């Protein structure tokens, strides 16, 4: 029987560790959203391992101390799991109710700490369990080891029912599932006296929580992270990368590969703003941005300031890049020479030098524009 129970715990442990591995595959800034749940999963996994060891090494006289330690840890770990779990629930609720008190968590924690102390005392005096010649023997108090955790879970079930919308649960059916699974599991465990601990039930409950709640938490966190990244790295007016996005592009450039860069600066933007209004100036900025993304579709186009842009094209050849730049320059010229342009081509390791060369050529082009049109650069 111990072999069957140990195998059941092993299968449950494999399911739990597969979910844990998956939880670590999310972006680093999302890990915070899964911190307490991951800790719950790790504690459940450890409980299953202890349960496996308790079953497989039972009856080994030479390992009596080890068998005692494994069973003792399996008892107290359950209380620790309940403590972490209640703080996990608090985190979920506090996202929608920022003033939600931690008093409930402290009450549950106090009960569990009391139970851990009681379990330690009862284990030491043999009233909880003893190990006789390496064989586990239940004590008169063993049937009560899940009493305090059970009371705590009952209180948390009430919290689920009262605050179910805070847990991303949209249906009462899911609330029933979250409550019913551990209750039925505990009843089934109690029907077989060979089963000592309820970590298989805890594992099943964690799988339900993961499927119903935690996947929604991860999805929402990823969506928020993407939105914040979009806002922080992109220019609001044009949708192009902003200065921060530009810096990320620079940092990611492969030194040994080809790269083409271009500086673009809008001509007479101040004149348009002063005489036609800032709305017209915004339209001009967006027009230049649209032209650049159309003619350099494979490049990173970044808005560096009000009228200044940088284009960075990686993994291209010089002929293709020059042709695209020439087409872009011709379009800007045909639109009334609305922007000055300078470009350069080389290796990624020389990116800063290439940018500097392109900027100088852009200023040469701008100087030529002002001389040929007779316009005052200050207006």
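The values are calculated or read from the model by the stated rules, or taken from the named source; none is laboratory data. Quick caveat, the model's predicted, so the values are computed rather than measured. Ideal geometry is used to build each Cβ from the backbone, glycine not excepted, and the neighbour counts take in all protein chains shown.
From the list 202, 262, 211, which residue is outside the structural domain of residue 291 (by TED's automatic domain parsing), modelled with pLDDT of 75 or more and over 21 Å from the mean Cα position of the chain (by Cα)? So that I can check it myself, show each step before the final result.
On the way: 262 fails: outside the structural domain of residue 291 (by TED's automatic domain parsing); 211 fails: over 21 Å from the mean Cα position of the chain (by Cα).
From the options 202, 262, 211, the qualifying one is 202.
Out of 89, 78, I need the residue that is buried (at least 19 other Cβ atoms within 10 Å of the Cβ), under 24 Å from residue 203 (Cα atoms) and at pLDDT below 90. Which one? So that I can check it myself, show each step before the final result.
Values: 78 fails: at pLDDT below 90.
Testing whether each residue is buried (at least 19 other Cβ atoms within 10 Å of the Cβ), under 24 Å from residue 203 (Cα atoms) and at pLDDT below 90 leaves just 89.
Any residue at all in segment 86-96 that is assigned to a loop (DSSP other than H, G, I, E, B) and in contact (Cβ under 8 Å) with a residue 40 or more places away in the chain?
First, the residues of segment 86-96 that are assigned to a loop (DSSP other than H, G, I, E, B): 95-96.
Narrowing the set further to residues that are in contact (Cβ under 8 Å) with a residue 40 or more places away in the chain leaves 95-96.
There is at least one residue in segment 86-96 that is assigned to a loop (DSSP other than H, G, I, E, B) and in contact (Cβ under 8 Å) with a residue 40 or more places away in the chain.
Could you list, in sequence order, all residues of segment 330-359 that are farther than 19 Å from residue 307 by Cα, surrounded by fewer than 18 Cβ atoms within 10 Å (Cβ to Cβ) and in contact with a helix residue (DSSP H, G or I) (Cβ under 7 Å, 6 or more places away or on another chain)?
346
Regarding residue 106, is this residue surrounded by fewer than 16 Cβ atoms within 10 Å (Cβ to Cβ) and either outside the structural domain of residue 215 (by TED's automatic domain parsing) or at pLDDT 90 or above (or both)?
Values: surrounded by fewer than 16 Cβ atoms within 10 Å (Cβ to Cβ): yes; either outside the structural domain of residue 215 (by TED's automatic domain parsing) or at pLDDT 90 or above (or both): yes.
Against the criterion (surrounded by fewer than 16 Cβ atoms within 10 Å (Cβ to Cβ) and either outside the structural domain of residue 215 (by TED's automatic domain parsing) or at pLDDT 90 or above (or both)), residue 106 qualifies.
Please verify whether segment 127-137 includes one or more residues that are out of contact with any helix residue (DSSP H, G or I) (no Cβ under 9 Å at 6 or more places or on another chain), more than 16 Å from residue 106 (Cα to Cα) and assigned by TED's automatic domain parsing to the domain that holds residue 75. So that I can check it myself, show each step before the final result.
Here is the first cut: in segment 127-137, the residues out of contact with any helix residue (DSSP H, G or I) (no Cβ under 9 Å at 6 or more places or on another chain) are 137.
Among the residues that remain, those that are also more than 16 Å from residue 106 (Cα to Cα) are: 137.
Retained after the next criterion (residues that are assigned by TED's automatic domain parsing to the domain that holds residue 75): 137.
Yes, that holds for at least one residue.
Need the failing condition index for residue 246 against (1) under 24 Å from residue 309 (Cβ atoms); (2) modelled with pLDDT under 85, just the number.
Answer for residue 246: the failing condition is (2).
Report, by residue number, each residue of segment 44-75 that is outside any helix (DSSP H, G or I), surrounded by fewer than 18 Cβ atoms within 10 Å (Cβ to Cβ) and either touching a helix residue (DSSP H, G or I) at 6+ places or on another chain (Cβ under 7 Å) or at pLDDT 90 or above (or both).
Filtering segment 44-75 down to residues outside any helix (DSSP H, G or I) leaves 57-60.
From what is left, the residues that are surrounded by fewer than 18 Cβ atoms within 10 Å (Cβ to Cβ) are 59-60.
Answer for segment 44-75, where residues must be outside any helix (DSSP H, G or I), surrounded by fewer than 18 Cβ atoms within 10 Å (Cβ to Cβ) and either touching a helix residue (DSSP H, G or I) at 6+ places or on another chain (Cβ under 7 Å) or at pLDDT 90 or above (or both): just 60.
If residue 103 meets every condition in (1) in contact with a helix residue (DSSP H, G or I) (Cβ under 8 Å, 6 or more places away or on another chain); (2) farther than 22 Å from residue 130 by Cα apart from one, which number is that one?
(1)
In the list 327, 367, which residue meets the criterion of being part of a helix (DSSP H, G or I), surrounded by fewer than 21 Cβ atoms within 10 Å (Cβ to Cβ), in the same structural domain as residue 249 (by TED's automatic domain parsing) and touching a helix residue (DSSP H, G or I) at 6+ places or on another chain (Cβ under 9 Å)? Spell out how you get there, then give the answer.
Numbers: 367 fails: touching a helix residue (DSSP H, G or I) at 6+ places or on another chain (Cβ under 9 Å).
Checking each option against the conditions leaves just 327.
Yes or no: segment 266-289 includes at least one residue that is touching a strand residue (DSSP E or B) at 6+ places or on another chain (Cβ under 9 Å), crowded, with 18+ Cβ neighbours inside 10 Å and in contact (Cβ under 8 Å) with a residue 60 or more places away in the chain.
Yes; the residues of segment 266-289 include at least one that is touching a strand residue (DSSP E or B) at 6+ places or on another chain (Cβ under 9 Å), crowded, with 18+ Cβ neighbours inside 10 Å and in contact (Cβ under 8 Å) with a residue 60 or more places away in the chain.
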